[in-house]
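What follows is a short report on a single structure.
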Amino acid sequence: MLRREDSRLLTGAGQFIDDQRPDDTLYGVILRSPIAHATLTKLDTADALQMPGVLAILTAEDLDKAGVQPLASRMPVTGDDGQPMREPTRPVLADKALKYVGQPIAFVVAKTEFEAMDALEAIELDYDPLSVIADVDDAVAENATRIWPDIPENTAFTWRKGNGDAVNAAIASAAHVFELRVDHPRLAISPVETRGAIGQYDTASNRYTLETPSQGVVSLRAAMADTLGVATDEIRVVTKDVGGSFAVKIWPYPEHVLCLVAARLTGKSVKWISSRTEAFISDAHGRGRRDTATLALDESGKMVAFRIDALADMGAFLNAVAPSIVTAGAVRVFGHNYNIPAMEYRVRAVYTNAPTTDAYRGAGKPESVGTLERLLDVAARRLGMDRIELRRKNLIQPEDIPHNTPMAESYDGGNFPVVLDEILKASDWAGFEARKAASADNGLKRGIGLGFHMHATGGSIAERSKVELLPEGIVRVRTGTQDSGQGHQTALAQVAAEALGLGPEKVIVEQGDSDVLAVGGGTGGSNLLPIAANTVHRATLQMIENARSMAGQLLEAATEDIEYEAGTMTVAGTDRRLSLAELAARLPEIPADARLPGQEAGCVGELDFEGLHSTFPNGCYVAEAEVDPETGVVTLDRFVAVDDLGRILNEPMARGQLLGGIGQAIGECLMETADVDRESGQPISGSLMDYALPRAYDMPAFSMSWSNTDSPNSILGVKGAGEVSSIGAPGAITNAVLDALADDGIEHLDIPLTPQKIWSALNTKEG
């Protein structure tokens with residue numbers, strides 16, 4: 001089944017945030033801090049307020065008068081010392097303290113965006129600069145400047161998980177111990193559609209409406225209620241089409257609050273749209289972790305211990321779920337496909353004078369998986385051991401599943417040795433030397449890299465699905481998840497249609513309105529299929545049972561005598577029957593006092609997510625890369641994938657999800673980094689002129705196949721797909737490039753592996 005969304009989206013009929021233009025719309029622009037660390041000494045808006053078209057300029061003082069509360073992290077963490085995390089107050093608009101380039105200071109509202117921008121230039125601003133901490137190593141250095149005076153050592157928390165004593169003992173007695181520092185730099189997430197918001201306020205009902213691209217309206221509604229100091233039923237959040245997110249649009253942002261407050265003050269709709277350049281300093285960044293990893297092996301090459309000591313760059317504030325990403329998110333698949341009896345992850349979350357970080361496709365797992373895969377290649381080369389055999393020797397075996405890890409996870413399925421055999425065959429690993437020789441004949445260095453991967457999907461999250469019979473036999477599915485380009489309307493229609501025994505054209509899917517479904521965990525963690533699809537399936541079965549019961553009332557038969565098949569209810573052994581369309585038309589014949597419990601709203605199935613547990617999609621990737629030693633340019637030539645996603649509902653969509661994640665991994669490994677100047681905190685890569693995103697010509701030839709196993713933790717057997725390749729591809733790509741450089745004595749380089757970095761390593765003594 002092709003995606004049902006595509007015809008509308010590809011012909012200009014999408015309803016993205018900038019397509020929404022209420023008749024009374026005003027436009028907002030934001031004055032942002034031009035400096036990374038300073039004390040604000042002057043903010044004069046008097047002249048700007050007199051500019052043509054200007055209706056309001058909001059400052060921190062105005063928000064304080066309006067009762068606006070600071071933004072706060074939504075998932076607090078307790079440190080390994082038993083103390084709560086140290087979280088600074090995060091005002092919606094800066095008052096006196098400026099903590100990063102891009103921090104909002106004032107919000108100008110005018111009749112047009114151009115008038116607002118002109119007024120922005122007229123605001124008088126002055127400040128006293130302070131010392132800048134823009135790197136995690138500087139943040140933890142002895143006698144480092146405190147970004148927040150009351151937070152010692154610039155540390156939000158320290159946290160650990162695993163069997164640390166066993167790790168210490170294993171390292172002390174191991175035959176071989178290897179250590180490597182691996183940097184996972186900040187990334188600008190950069191979806192095609194930038195962030196935006198439209199705020200409205202209805203004076204008659206005293207109710208706010210926020211329209212914004214998101215990954216779930218329910219969590220945003222709760223955050224807005226907390227910040228505005230109102231009840232959740234006084235806020236409605238609506239999301240229509242979303243032009244990509246990858247987590248960056250999940251979070252509550254200052255701009256959401258500002259549009260709502262301005263709408264109340266002006267009595268008009270207030271719209272803000274981020275420019276592309278603005279996004280580099282206002283969006284939450286991805287990644288931002290520096291790992292020091294230790295791997296211990298016995299004499300035979302068996303892994304006996306693995307540890308990561310991480311420095312996590314939180315930015316100047318703790319974003320919505322950022323504390324959980326660098327803690328629980330980082331360890332769910334720690335050690336992934338390998339049987340390592342002793343493992344520990346230790347992280348120190350530190351503040352820097354930079355924008356916040358938070359989840360990005362993979363949410364802490366690409367870092368942990370990528371670090372181990374890199375270290376395995378380093379260990380194999382130092383030992384003179386075949387890197388494939390090192391991995392094969394340490395894979396979790398099928399008979400060991402379910403496999404319990406030191407991180408308190410239980411892997412539900414997978415056959416990792418078979419995946420390895422399949423990837424070696426599919427990639428023609430044995431033929432690599434001939435391809436390497438051919439590249440050498442052309443003056444190029446060729447390398448091959450392999451990496452296993454795993455993701456944890458499903459688990460405990462608030463989700464609700466409602467399946468309802470509408471006139472003419474149409475079935476409506478309502479879900480608390482949110483599509484941001486993945487094809488939810490197609491996938492969930494297939495799930496409901498399968499349970500109904502009908503064609504998907506009989507099912508419509510609705511999402512993105514907090515007034516319609518008040519419970520929803522949103523989209524994240526590749527949970528659409530493991531959570532939402534399983535819940536939709538169960539709710540559809542409940543609706544069918546409700547239909548049988550109501551059909552029995554109309555046909556004057558016991559429910560147990562009503563047989564359902566392909567949209568028709570039949571009294572067993574008779575020709576008396578009702579189609580779903582006929583049932584919908586006749587529901588008014590059942591008076592209210594004759595309806596059974598659950599039938600009050602008609603023929604409906606409504607369920608919260610429960611009773612299902614985590615699934616662990618996994619696989620293995622092989623990449624081949626050529627390096628031009630004259631320029632340092634990398635060409636990714638081949639990419640081969642074998643994935644275990646469990647049951648695949650829609651193969652083209654699953655393939656599309658994997659390809660998208662691989663593309664983002666290519667950017668992460670070869671070109672992307674949201675650099676700032678270490679001394680000043682000023683962005684170095686602050687626009688698409690100097691932040692490289694992958695293009696079509698950066699993509700290799702792809703070969704993709706499946707090696708699926710069932711999950712006992714999923715009714716439908718599905719495991720999730722959205723983040724698998726972004727977790728797995730970095731290890732394979734990085735290992736391929738560094739394999740090409742290994743003959744020149746280059747053991748490790750941190751990503752991104754840019755031409756300048758590679759050329760310098762090949763042509764300088766330091767390299």
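Is it fair to say D183 is charged (D, E, K, R) and in a loop (DSSP other than H, G, I, E, B)? No. Within the stretch 542-561, residues that are on the phi < 0 side of the Ramachandran plot and in contact (Cβ under 8 Å) with a residue 12 or more places away in the chain sit with their Cβ atoms under 7 Å from residues that are open to solvent by 50 Å² or more (accessible area, probe 1.4 Å) and basic (K, R), at 6+ positions apart or across chains, in these pairs: L554/R586; L555/R576.
When the stretch 359-374 is filtered for residues that are over 30 Å from S73 (Cβ atoms) and either among the acidic types (D, E) or surrounded by fewer than 24 Cβ atoms within 10 Å (Cβ to Cβ) (or both), only E373 remains.
For every residue, the table says whether it meets (1) farther than 27 Å from M569 by Cβ; (2) in contact (Cβ under 8 Å) with a residue 40 or more places away in the chain.
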position: S439; (1), (2): yes, yes
position: H453; (1), (2): yes, yes
position: E463; (1), (2): yes, yes
position: E472; (1), (2): no, yes
position: R476; (1), (2): no, no
position: L492; (1), (2): no, yes
position: G512; (1), (2): yes, yes
position: V519; (1), (2): yes, yes
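Just to be sure before I move on: is T673 hydroxyl-bearing (S, T, Y), open to solvent by 10 Å² or more (accessible area, probe 1.4 Å) and either in a helix (DSSP H, G or I) or within 30 Å of A438 (Cβ to Cβ) (or both) in the structure I sent? Spelling it out, it is not the case that T673 is hydroxyl-bearing (S, T, Y), open to solvent by 10 Å² or more (accessible area, probe 1.4 Å) and either in a helix (DSSP H, G or I) or within 30 Å of A438 (Cβ to Cβ) (or both).
Conditions tested, residue by residue: (1) among the aliphatic types (A, V, I, L, M); (2) loosely packed, with under 15 Cβ neighbours inside 10 Å.
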residue: R391; (1), (2): no, no
residue: I396; (1), (2): yes, no
residue: D400; (1), (2): no, yes
residue: N404; (1), (2): no, yes
residue: E409; (1), (2): no, no
residue: N415; (1), (2): no, no
residue: I423; (1), (2): yes, no
residue: D428; (1), (2): no, no
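Got at least one residue in the stretch 487-505 being under 25 Å from D644 (Cα atoms), acidic (D, E) and within 21 Å of the chain's Cα centre (by Cα)? The answer is no; no qualifying residue exists.
Considering Q664, Q657, the condition of being closer than 27 Å to A539 by Cα, modelled with pLDDT of 95 or more and open to solvent by 10 Å² or more (accessible area, probe 1.4 Å) is satisfied by Q657 alone. Among the residues examined, I189 does not qualify as touching a residue at least 60 places away in the same chain (Cβ under 8 Å) and in a helix (DSSP H, G or I). Would you point out the residue of the stretch 139-156, among those that are at negative phi and of a type outside the set (A, V, I, L, M), that is most open to solvent (accessible area, probe 1.4 Å)? Looking at residues that are at negative phi and of a type outside the set (A, V, I, L, M), I get E142. Residues in the stretch 167-213 that are under 23 Å from G28 (Cα atoms) and among the hydroxyl-bearing types (S, T, Y): S190, T194, Y201, T203, Y208, T209, T212. The set of residues in the stretch 96-127 that are open to solvent by 50 Å² or more (accessible area, probe 1.4 Å) and either in contact with a Cys (Cβ under 6 Å, 6 or more places away or on another chain) or closer than 21 Å to N154 by Cα (or both) contains only K96.
Any residue in the stretch 610-619 that is open to solvent by 30 Å² or more (accessible area, probe 1.4 Å) and either aromatic (F, W, Y) or under 30 Å from D421 (Cβ atoms) (or both)? Checked against the condition, which is being open to solvent by 30 Å² or more (accessible area, probe 1.4 Å) and either aromatic (F, W, Y) or under 30 Å from D421 (Cβ atoms) (or both), the stretch 610-619 yields at least one hit.
Quick check on my filter: what residues within the stretch 140-168 are of a type in the set (G, A, S) and closer than 20 Å to V77 by Cα? Correct list: A156, G162, G164.
For the stretch 307-324, give me each residue that is within 30 Å of A170 (Cβ to Cβ) and either in contact with a strand residue (DSSP E or B) (Cβ under 8 Å, 6 or more places away or on another chain) or of a type in the set (D, E, K, R) (or both). Correct list: R307, I308, D309, A310, L311, A312, D313, P323.
Exactly one residue out of N735, N713 is in contact with a Ser or Thr (Cβ under 7 Å, 6 or more places away or on another chain) and touching a residue at least 40 places away in the same chain (Cβ under 8 Å): that is N713. Would it be correct to say that G722 is surrounded by 19 or more Cβ atoms within 10 Å (Cβ to Cβ), within 26 Å of A188 (Cα to Cα) and either in contact with a Gly (Cβ under 8 Å, 6 or more places away or on another chain) or without any contact (Cβ under 8 Å) to a residue 60 or more places away in the chain (or both)? It is true that G722 is surrounded by 19 or more Cβ atoms within 10 Å (Cβ to Cβ), within 26 Å of A188 (Cα to Cα) and either in contact with a Gly (Cβ under 8 Å, 6 or more places away or on another chain) or without any contact (Cβ under 8 Å) to a residue 60 or more places away in the chain (or both). Is there a residue in the stretch 196-214 that is open to solvent by less than 20 Å² (accessible area, probe 1.4 Å) and in a helix (DSSP H, G or I)? Looking through the stretch 196-214, none of the residues is open to solvent by less than 20 Å² (accessible area, probe 1.4 Å) and in a helix (DSSP H, G or I). Considering the stretch 676-719, the residues that are farther than 29 Å from A623 by Cβ and hydrophobic (A, V, I, L, M, F, W, C) include one that is least open to solvent (accessible area, probe 1.4 Å), namely L716. For the stretch 592-599, the criterion of being of a type outside the set (V, I, T), in contact with a strand residue (DSSP E or B) (Cβ under 9 Å, 6 or more places away or on another chain) and buried (at least 18 other Cβ atoms within 10 Å of the Cβ) is met by none of the residues.
One residue alone among G605, G646, G632, G611 is small (G, A, S), out of contact with any Ser or Thr (no Cβ under 8 Å at 6 or more places or on another chain) and farther than 17 Å from A729 by Cα, and that residue is G611. Cβ-Cβ distances below 7 Å connect the following pairs, each with a first residue in the stretch 636-648 that is over 14 Å from A665 (Cα atoms), a second residue that is part of a loop (DSSP other than H, G, I, E, B) and among the charged types (D, E, K, R), and a separation of six or more residues or different chains: L645/K719; G646/D710; G646/K719.
Among residues of the stretch 136-150 that are over 18 Å from G288 (Cα atoms) and at pLDDT below 95, none has a Cβ under 6 angstrom from a residue that is in a helix (DSSP H, G or I) and open to solvent by 50 Å² or more (accessible area, probe 1.4 Å) at a sequence gap of 6+ or on a separate chain.
The values are calculated or read from the model by the stated rules, or taken from the named source; none is laboratory data. Because the structure is predicted, anything quoted here is derived from the model rather than measured. All Cβ positions, even for glycine, are placed from backbone atoms using ideal geometry, and neighbour counts span all protein chains on display. Keep in mind that these areas ignore ligands, DNA and RNA; they rest on the heavy atoms of the full protein, side chains included. Shrake-Rupley method; radii C 1.70, N 1.55, O 1.52, S 1.80 Å.
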